[in-house]
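Worksheet for the structure shown next.
The values are calculated or read from the model by the stated rules, or taken from the named source; none is laboratory data. For clarity, every value in this text was computed on a predicted model and none was experimentally measured. Note: ideal-geometry Cβ built from the backbone for every residue, glycine included; neighbour counts use all protein chains shown.
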Amino acid sequence: MNGAELQGHLEAVVRFCVRVALDELAKHDRARPVVATAAPEPAPVGLDERVLWTVADVAKCLNVSTSWVYKESAAGRLPVSRIGSRVRFEPAAIRAWAAAQRRQPARLDYRLR
């Protein structure tokens, strides 16, 4: 059996397996009763918790400017994920970071100059 024949047989097997799996899923879906579920609670501040946030989303959540978010993430002070050249943030990580910041006492500099 040469390479082309083998590839043809493999493609046929894959098509068969996919067809069988789709048939089984269709049977399962027809047998399952439809149950109405409540809509998930909306995320605070109008932001979706299921997706990564952009710089604008983080700025909105923290009530700061986008330039501040860029500066702090570049300095490594904000938890950030980079996807290529894009900067994205995990909502849970940002909320945990903000909570940790609230627990730290403010540092005020009262030195005379």
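Remarks
- Residues that are without any contact (Cβ under 8 Å) to a residue 12 or more places away in the chain and closer than 16 Å to Gln101 by Cβ within region 55-89 comprise Ala59, Asn63, Val64, Trp68, Lys71, Glu72, Ala75, Gly76, Arg77, Val80, listed in sequence order.
- The set of residues in region 79-113 that are more than 15 Å from Leu62 (Cα to Cα), modelled with pLDDT of 75 or more and part of a loop (DSSP other than H, G, I, E, B) comprises Gly84, Ser85.
- Odd one out for Ala36 among (1) modelled with pLDDT under 90; (2) among the aliphatic types (A, V, I, L, M); (3) part of a loop (DSSP other than H, G, I, E, B); (4) within 17 Å of the chain's Cα centre (by Cα): (4)
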